[in-house]
1. Based on what the data block shows, is SER17 open to solvent by less than 80 Å² (accessible area, probe 1.4 Å), outside any strand (DSSP E or B) and of a type in the set (Ser, Thr, Tyr)?
2. In the range 31-49, which residues are in a strand (DSSP E or B) and open to solvent by 60 Å² or more (accessible area, probe 1.4 Å)?
3. In the range 35-64, what residues are over 22 Å from MET16 (Cβ atoms) and charged (D, E, K, R)?
4. Do you know which residues across the range 20-30 are in contact with a strand residue (DSSP E or B) (Cβ under 7 Å, 6 or more places away or on another chain), open to solvent by 10 Å² or more (accessible area, probe 1.4 Å) and not in a strand (DSSP E or B)?
5. I'm trying to understand the selection: among the residues of the range 50-78, which are open to solvent by 50 Å² or more (accessible area, probe 1.4 Å), among the small types (Gly, Ala, Ser) and touching a strand residue (DSSP E or B) at 6+ places or on another chain (Cβ under 6 Å)?
6. I want to confirm something. Restricting to the range 1-14 and keeping residues that are open to solvent by 40 Å² or more (accessible area, probe 1.4 Å) and touching a residue at least 40 places away in the same chain (Cβ under 8 Å), which single residue is farthest from ASN57 (Cα to Cα)?
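The values are calculated or read from the model by the stated rules, or taken from the named source; none is laboratory data. Treat the numbers as computed from the prediction; the structure is a model and nothing was measured. Methodologically, a virtual Cβ is constructed for each residue, glycine included, from the backbone with ideal geometry; neighbour enumeration extends over all protein chains shown. Note: areas computed on protein heavy atoms with side chains; ligands, DNA, RNA excluded. Shrake-Rupley method; radii C 1.70, N 1.55, O 1.52, S 1.80 Å.
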Amino acid sequence: MKSIKGVVSKIRVLKMSKTPLVRFSLDGVNCLIAAHSLNFLADVDEGMQIVVAGEFNDRKQFVLKKYSVIGKTKIMIEFEAMKKAPYSN
């Protein structure tokens, strides 16, 4: 299993299903994630730095098995912003 570290860009949902197929770029490398893709969409936003582990397929796309966000995840950032914001009622 290979690992790559980089900055995420161009997040796209290719196929909507029970487990969506998500495509993104990691420093110019095309990546795919199907397993845990909903968690990935909740955790990762464009511009975030992550480390991924997986294998390249025949089309030279990196197929993720595992990922880890370096720093705070997207959902953590949104939760902290929500806690700091005054009540809007």
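1. Details: open to solvent by less than 80 Å² (accessible area, probe 1.4 Å): yes; outside any strand (DSSP E or B): yes; of a type in the set (Ser, Thr, Tyr): yes.
Against the criterion (open to solvent by less than 80 Å² (accessible area, probe 1.4 Å), outside any strand (DSSP E or B) and of a type in the set (Ser, Thr, Tyr)), SER17 qualifies.
2. The first filter runs over the range 31-49 and keeps only residues in a strand (DSSP E or B), leaving 31-33, 49.
Result: GLN49, single match.
3. Selection gives GLU55, ASP58, LYS60.
4. ASP27
5. SER68
6. It comes out as VAL7.
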